[in-house]
Each structure stands twice: as C-alpha cells, then as structure tokens.
Amino acid sequence: MTDVTEGNGEIFLRAVFHGDRFDGGRFPLELGADLAALNRLIVDFAREIYLQQNPQRKRVPKHFATTRALTISAIQSGSAALLVQRSNNELFEDDTLESAREGILSVMAAADPPVMQTFPAHFLGRFNSIGRYLLPNERIEFSSPKEARVVTYDRQTRRRLAEQTEGVEDAFFAIGSIQALNATTKSFQIRTPDGLIDGRYKPELDTALRRAIAAGVDSGLLSDGAAPVRIDGTGTFKANQLKAFEAETVTPIEFPTGGQTYGSIAHEIRSFLDLEEGWLDGDGNSISKNAAEEILHVLAGLADEGQPAPTVWPTTEGGVRAEWRLQDSETVLEVSSAVPKFYAFQRFYVSSEVTDIELNDHLNAADVAQRVTELLGGGKET
Amino acid sequence: VTNGHLSLSDFDEVLFRQVNPTWTKSDGTISSQAFKPTKKDNGKLSVDRSSKSTAQAAFEHHQAVGVSCCVIGVTVGEVSDLGLASFDDPTIEKPAHAYIDMSNKTRSELEGLAGRLRDLATQRGVLHSA
C-alpha cells in the first residue's frame with residue numbers, strides 16, 4: 001500500500017500497529033477511539049505541565065486544547081504506521097505537548113516504580129481507554145522524534161497501567177460448568193480449570209443458566225455433573241486479578257455437528273473410571289479421575305474452538321487419550337496423572353512428518369486446548 | 001538370528017494381532033494403542049504367524065490367556081518397511097508366537113509406528129472376529 005496522505009512538518013509521534021488486522025496498512029475504525037483517548041491524555045497532561053511550569057497562572061491560555069490538537073498526517077505502508085503531527089505548530093511556542101508525550105511514553109515503557117511516581121496518578125486510569133480495542137496478539141509501537149526508543153503498548157500494558165488506580169474492565173470469558181445459581185441476587189458460580197469464579201448475570205440469562213445445569217443430569221463434567229458452557233461478559237481486573245465478572249451471554253459447549261456430542265464423550269470417559277486394575281489382560285492401571293477431568297476441560301476448550309470431536313480411549317498407564325483422524329493427519333492428545341501431564345502428537349500420513357509436544361504440567365486446560373487447536377489446523381474464525 | 005530368535009524373512013507372511021475390546025469402537029475404529037507394546041511387553045509386540053496358525057485359531061487360543069474382540073494383521077514386509085524387525089518366538093503354549101521388535105524407541109517413534117501399523121492393519125480389514 002502506498003502512503004495515503006503525506007504530511008508536512010515535524011512528526012510528533014509515530015504509531016505502528018502490529019497484527020493481522022493491520023496488514024497492508026489497514027486500520028480498523030474502532031481503534032480511532034483509542035487514538036482519541038491518547039490525544040486527550042496528551043493534551044490534558046500538557047495542560048497540567050503548563051500550569052506547573054507557570055505557577056503564576058491559574059489557568060492555561062485560551063484555546064489551549066484546540067491549538068494543540070493532534071492530527072494523523074499519513075498512514076504508511078506495511079503494518080498500519082500512523083504519523084501524528086501537531087495541527088497548529090505556529091500558534092504556541094511552549095513544549096508542554098512534547099513533555100506530555102515523553103512522560104506518557106515513559107510510563108508506558110516503565111516497569112519500575114520511580115518512573116511511575118513522576119506521573120500524575122489521576123491520569124493512570126486514562127490508559128483504560130487506550131488500547132481497549134486491541135486484540136490479544138496486537139500491539140502498538142510508539143516512537144517520538146526526540147528519543148531514539150520504541151515503546152510497545154498492548155493489552156497487558158494497558159491493564160498494568162490502568163490497574164494502578166482502579167479496576168480495569170475488559171472482555172472476559174470462562175469455560176466450565178455452573179456450580180451454583182442464585183436467582184434472587186442474580187449471581188452464579190462457574191467451575192473452570194483455574195478454579196471457581198463468581199459472577200453476576202442479567203435476568204434474561206436465567207433460563208440459559210438453568211438449562212446448562214439441567215443438561216448435566218445426563219452428561220457433563222465428572223465432578224459435578226453440570227454440562228459445560230462458555231460465559232462471555234465483562235471482567236473487572238485489579239492487580240491482574242479478576243475481581244468481578246458480569247455475564248452477558250451463555251453458550252452451551254458442543255462439538256460441531258456430525259460427530260459425537262460432548263455429552264456422549266463425557267459419558268464415555270466417565271465409563272473409563274469403571275476399568276479395574278489389570279483391565280488389559282492383566283496389564284493396565286485404573287484410570288485417574290484427575291486425568292479424566294483434565295481432558296474433559298481441554299475438550300470443552302477444543303469444542304469452543306470449533307474443533308471436531310475426537311475418539312477417546314483409556315491408556316494402560318491410567319490416563320485418557322483423544323485421537324483425531326483427519327484427512328491428512330492423525331493427532332493425539334494424552335493426559336496422564338504423571339508429569340508431564342499432557343502429551344500431544346501429530347503424524348501426517350503421506351509425508352510421515354511427525355510433531356510431538358510434551359506439554360509441561362503448568363499449562364492449564366485452556367493453554368493445552370490452544371496448542372492442540374494449532375496442531376489440528378487453527379482455530380475457528382472469529 | 002538375533003538374541004536366539006529367528007528373524008522372519010517371508011515378507012508376505014501375515015502377523016496376527018489380537019485386539020482388546022477396549023481398543024475398538026462400534027463403528028470399527030481401532031486405536032493405535034492396539035499396536036503399542038505395554039510395559040510388560042518390554043518393547044516386544046506379540047503377534048502370531050500365519051505360516052503356523054490361522055486368524056481363527058490364534059483368536060481362540062488367545063481366549064485362554066486374555067480378551068480379544070477380533071484379529072487384524074500386518075505383513076512381515078510392511079513391518080520391515082517401517083524399519084522394524086519381526087522374530088519367531090515359539091513357546092510350548094504358543095507355537096505360532098512371534099514378536100515385532102519395538103524396543104529402544106522414543107515415545108514419538110512409538111506413536112508414529114503404532115499409528116502406521118494400525119493404518120496398514122485397518123486397510124487389510126478384520127481377519128477374524130468373535
């Protein structure tokens with residue numbers, strides 16, 4: 001892509017957006033809100049710097065903000081690289097805007113408390129609005145003409161900064177089984193591979209949540225009998241910890257049609273627990289309940305990713321194994337009670353190319369589901 | 001001859017493998033685990049030789065010592081093509097017994113070999129069932 005617009009004059013800030021959505025210089029419009037929030041932060045911070053530099057003044061000059069407006073002067077090739085300029089350079093001579101820019105970039109880059117202490121705490125919450133629409137694998141690289149540095153800003157940066165002052169809201173989802181439902185307080189509890197999560201829900205979700213519990217009578221996870229669901233909503237985080245969860249949608253977990261249902265697979269895995277020691281002609285350990293639970297959590301994540309249903313088997317070591325025989329390859333996921341807990345293997349029929357991954361035990365079910373999804377050929381389109 | 005066992009050389013000879021019912025599904029799917037030696041096998045995958053037995057006889061003989069739902073098989077040549085050797089290993093109780101040597105293989109190698117043996121046997125079809 002060629003440059004859309006060529007600006008004149010000194011570049012105030014360069015923002016390079018990285019991620020698939022920005023390939024070929026494309027720029028999603030929703031990210032305009034992030035830039036507007038950054039513009040406001042720079043100008044407001046500049047206003048505060050101006051008053052600090054001019055203690056005799058009680059107010060900033062008239063039209064302080066409008067004369068310091070920032071504009072996008074060009075979108076360059078490759079990943080969307082935005083060149084930002086001051087729109088009215090000739091109208092003011094102070095360098096407050098540049099100072100604000102440098103202060104903000106320093107805070108974005110900072111991990112150490114001393115830098116953070118020089119930045120007004122009441123502005124930290126503003127980062128909540130910058131990067132709100134970035135996806136997990138996207139980032140912005142900021143650079144200014146003054147300092148030869150590149151500052152990376154992504155969702156983690158945003159959360160780290162915004163959390164310094166107040167809880168930051170972000171899209172959040174949980175996959176698991178409903179453990180409790182309180183219609184009076186409109187609260188629920190969901191069991192996930194990472195533990196129990198409490199949340200609140202809107203009245204219209206009452207039926208869907210009750211249905212998820214009822215569906216578990218015949219199938220579902222082993223420990224509680226509830227069918228797995230995916231709950232999407234808004235999480236409030238502080239210090240990287242989920243503090244509140246407001247559910248917005250409830251979706252039953254299910255494999256794409258054509259194969260076995262999640263419930264029937266869960267039922268089958270549950271039956272493995274009946275195998276007694278020595279079940280394979282004197283060989284074969286009894287099946288670990290933990291392994292069965294773990295693989296059901298992984299399979300819930302894979303179903304959510306739109307992956308096909310596997311064939312499941314017990315293993316002689318007391319674990320559970322899932323096999324996917326696809327057109328060009330076979331993929332295996334084995335969960336054992338021993339370390340490493342997860343083992344994935346893929347073999348292509350024609351080339352005999354083999355990939356095997358011993359997944360460390362610190363990986364949770366969601367991570368394993370993601371790794372297996374990659375092996376199976378990528379996740380569903382979002 | 002290796003370790004006192006005669007290496008099988010008739011590449012057309014079929015080696016019968018008993019399938020535990022746990023390794024099959026109602027739609028005929030067979031897990032590759034049917035071709036993975038267990039710990040007690042010590043890397044030696046038990047089979048029976050078609051030159052000394054039939055699929056039915058091997059199946060019936062196996063019922064005395066274990067459980068099987070069906071018999072599938074691969075040839076000595078197919079085993080050899082995978083870089084494996086097969087050896088005659090007769091006993092008084094099991095005169096047709098032989099084994100495919102899968103010792104000293106990594107987990108990944110075992111997975112790949114078991115999958116390919118299962119594929120070959122599945123293509124050949126069930127040779128005998130209960």
Quiz item: In the set A:372, A:350, A:312, which member is within 19 Å of residue B:115 (Cα to Cα), of a type in the set (Val, Ile, Thr), at pLDDT 85 or above and outside any helix (DSSP H, G or I)?
Solution: A:312
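Criterion first (within 17 Å of residue A:280 (Cβ to Cβ) and either crowded, with 18+ Cβ neighbours inside 10 Å or among the charged types (D, E, K, R) (or both)) does residue B:114 satisfy it?
Answer is yes for this residue.
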Quiz item: Can you tell me which residues in segment B:101-117 are out of contact with any strand residue (DSSP E or B) (no Cβ under 6 Å at 6 or more places or on another chain), of a type outside the set (A, V, I, L, M) and either free of Cβ contacts under 8 Å to residues at least 12 places away in the same chain or facing chain A (nearest Cβ under 10 Å) (or both)?
Solution: B:106, B:107, B:109, B:116
Self-check item: Residue that is farthest from the chain's Cα centre (by Cα) [pool: residues in segment A:110-137 that are among the aliphatic types (A, V, I, L, M) and modelled with pLDDT of 85 or more]
Solution: A:130
Exercise. State all residues of segment A:264-309 that are under 17 Å from residue A:372 (Cβ atoms), within 14 Å of chain B (Cβ to nearest Cβ) and either over 34 Å from the mean Cα position of the chain (by Cα) or surrounded by 21 or more Cβ atoms within 10 Å (Cβ to Cβ) (or both); if no residue qualifies, say none.
Key: A:265, A:269, A:309
Practice problem: Sort through B:128, B:97 and tell me the only one that's crowded, with 17+ Cβ neighbours inside 10 Å, of a type outside the set (A, V, I, L, M), in contact with a Pro (Cβ under 6 Å, 6 or more places away or on another chain) and more than 14 Å from chain A (Cβ to nearest Cβ). | Solution: B:97
Quiz item: Checking residue A:259 against (1) surrounded by fewer than 22 Cβ atoms within 10 Å (Cβ to Cβ); (2) at pLDDT 90 or above, which test does it fail?
Solution: (2)
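Filtering segment A:41-73 down to residues that are part of a loop (DSSP other than H, G, I, E, B) and of a type in the set (Lys, Arg), which residue is nearest to residue A:83 (Cα to Cα)?
Start the filter on segment A:41-73 by keeping residues that are part of a loop (DSSP other than H, G, I, E, B), which leaves A:54-63, A:68-69.
Still in the list and also of a type in the set (Lys, Arg): A:57-59, A:62, A:68.
Working: A:57: 33, A:58: 34, A:59: 31, A:62: 27, A:68: 16 Å.
The qualifying residue nearest to residue A:83 (Cα to Cα) is A:68.
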Quiz item: Considering A:312, A:332, A:250, A:229, which residue is within 14 Å of chain B (Cβ to nearest Cβ), touching a strand residue (DSSP E or B) at 6+ places or on another chain (Cβ under 9 Å) and in contact (Cβ under 8 Å) with a residue 24 or more places away in the chain?
Solution: A:312
Quiz item: Does segment A:280-295 contain any residue that is β-branched (Val, Ile, Thr) and assigned to a loop (DSSP other than H, G, I, E, B)?
Solution: yes
Quiz item: When segment B:16-35 is examined, which residues are found to be crowded, with 16+ Cβ neighbours inside 10 Å and more than 8 Å from chain A (Cβ to nearest Cβ)?
Solution: B:16, B:17, B:18, B:19, B:24, B:30, B:34, B:35
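If a residue has to be at pLDDT 80 or above, hydrophobic (A, V, I, L, M, F, W, C) and farther than 20 Å from residue A:205 by Cβ to count, how many in segment A:232-255 make the cut?
Here the count works out to 1.
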Self-check item: Index of the failed condition, residue B:75 passing every other in (1) modelled with pLDDT under 95; (2) surrounded by 15 or more Cβ atoms within 10 Å (Cβ to Cβ)
Solution: (1)
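Only one of these is in contact with a helix residue (DSSP H, G or I) (Cβ under 6 Å, 6 or more places away or on another chain) and modelled with pLDDT of 75 or more: A:201, A:153. Name it.
Going through A:201, A:153 in turn, the sole match is A:153.
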Quiz item: Among the residues of segment A:335-345, how many are surrounded by 24 or more Cβ atoms within 10 Å (Cβ to Cβ) and either of a type in the set (Phe, Trp, Tyr) or within 12 Å of another protein chain (Cβ to nearest Cβ) (or both)?
Solution: 2
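Each row is one residue, and each column tells you yes or no for (1) touching a Pro at 6+ places or on another chain (Cβ under 8 Å); (2) at positive phi.
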position	(1), (2)
A:241	no, no
A:258	yes, yes
A:269	no, no
A:290	no, no
A:323	yes, no
A:326	yes, no
A:329	no, no
A:334	no, no
Quiz item: Can you name every residue in segment A:167-177 that is in a strand (DSSP E or B) and more than 18 Å from residue A:366 (Cβ to Cβ)?
Solution: A:168, A:169
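Residue-by-condition table, conditions (1) within 27 Å of residue B:4 (Cα to Cα); (2) over 12 Å from the mean Cα position of the chain (by Cα); (3) free of Cβ contacts under 8 Å to residues at least 40 places away in the same chain:
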residue: B:73; (1), (2), (3): yes, no, no
residue: B:82; (1), (2), (3): yes, yes, yes
residue: B:99; (1), (2), (3): yes, no, no
residue: B:121; (1), (2), (3): no, no, no
residue: B:126; (1), (2), (3): no, yes, no
residue: B:129; (1), (2), (3): no, yes, no
Quiz item: Exactly one of (1) without any contact (Cβ under 8 Å) to a residue 60 or more places away in the chain; (2) part of a loop (DSSP other than H, G, I, E, B) is unmet by residue B:9. Its number?
Solution: (1)
Quiz item: Would segment A:265-272 turn up any residue that is closer than 18 Å to residue A:344 by Cβ, without any contact (Cβ under 8 Å) to a residue 60 or more places away in the chain and either touching a strand residue (DSSP E or B) at 6+ places or on another chain (Cβ under 8 Å) or part of a helix (DSSP H, G or I) (or both)?
Solution: yes
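The values are calculated or read from the model by the stated rules, or taken from the named source; none is laboratory data. Treat the numbers as computed from the prediction; the structure is a model and nothing was measured. Neighbour counts are summed over all protein chains in view; Cβ atoms, including those assigned to glycine, are modelled from backbone coordinates with ideal geometry.
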